[in-house]
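Right, one structure below, let's go through it.
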Amino acid sequence: MKLLKEVILEKGKVRGDDVLKVDSFLNHQLDINLLNEIGKEFKNRFKDDNITKILTIEASGIAIAVIAAQYFNVPVVFAKKVESKNVDNDNAYESKIYSFTKGKTYSTKVCKDYLNDTDNILVVDDFLANAQAALGLKDLVNQSGANLAGIGIVIEKGFQGGGKLLRDNGIRVESLAIINSMSKDGIDFA
């Protein structure tokens, strides 16, 4: 997606060889015009897949999922990473997900009332690095008996192998920008 790549080059900040800060437009402060274009692009790529729900993980994926959902006219479900009295543990799907960014493992939960075997799910997230979040969300979809139509990623760090892992396992992944490498000298897109 040309616009996304332009914004990454203009506003993204590379930290080391594996961290790209996009907090000025994607996951702290939000560029709503860019998010609208991202939502339209996901709709375009998955327009023939009869999506019934969009699934993401809190917190960074929520804004992206909500904007995309308006184009699909479907609900958004998000996996909660925090213990909550609002989620009945006996009525929830649960998966463990390791966060590359935070360096820790989270227990994520989705109430069984919101995912079921008649659903056709699109998973949406901001980043794909090692695929741990995507695999955890896929696990939640599998537990529910729903169909995983595909995974929509805003930025894939191709050099970290998560996208290859998912694709090699037959999972459809649509990444709007794939980074081959990055350093203080610049970003190389696929």
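When DSSP assigns beta bridges and you keep just the ones with both residues in region 2-189, what percent turn out antiparallel, to the nearest 5?
45
Taking neighbour counts of Cβ atoms within 10 Å as a proxy for exposure, in what order, fewest first, do F189, F127, F78 appear?
The most exposed by this proxy come first: F189, F78, F127.
Quickly work out the N44-to-K21 label distance, labels modelled 7 Å from Cα along the C-beta direction, and quote it in nm with one decimal.
Between K21 and N44, the simple spin-label model gives 3.1 nm.
For a footprinting-style exposure proxy, rank I187, I153 by other Cβ within 10 Å, fewest first.
I187, I153
Report the calculated FRET efficiency for A190 and D90 (r = Cβ-Cβ distance, R0 = 30 Å), to the nearest 0.05.
0.10
If you average over every viewing direction, what projected area does the convex hull of the Cα atoms of region 2-189 give, in nm²?
10.1
Just to verify a number: FRET efficiency for N36 and L9, C-beta to C-beta distance, R0 = 25 Å, to 0.05?
The pair N36/L9 has a calculated efficiency of 0.80.
Every number here is computed from the coordinates shown, using simple stated rules; none is lab data. Nothing here was measured: the structure is a model prediction, and the numbers come from that model. Every residue, glycine as well, gets a Cβ built from its backbone with ideal geometry; the counts of neighbours run over all protein chains shown.
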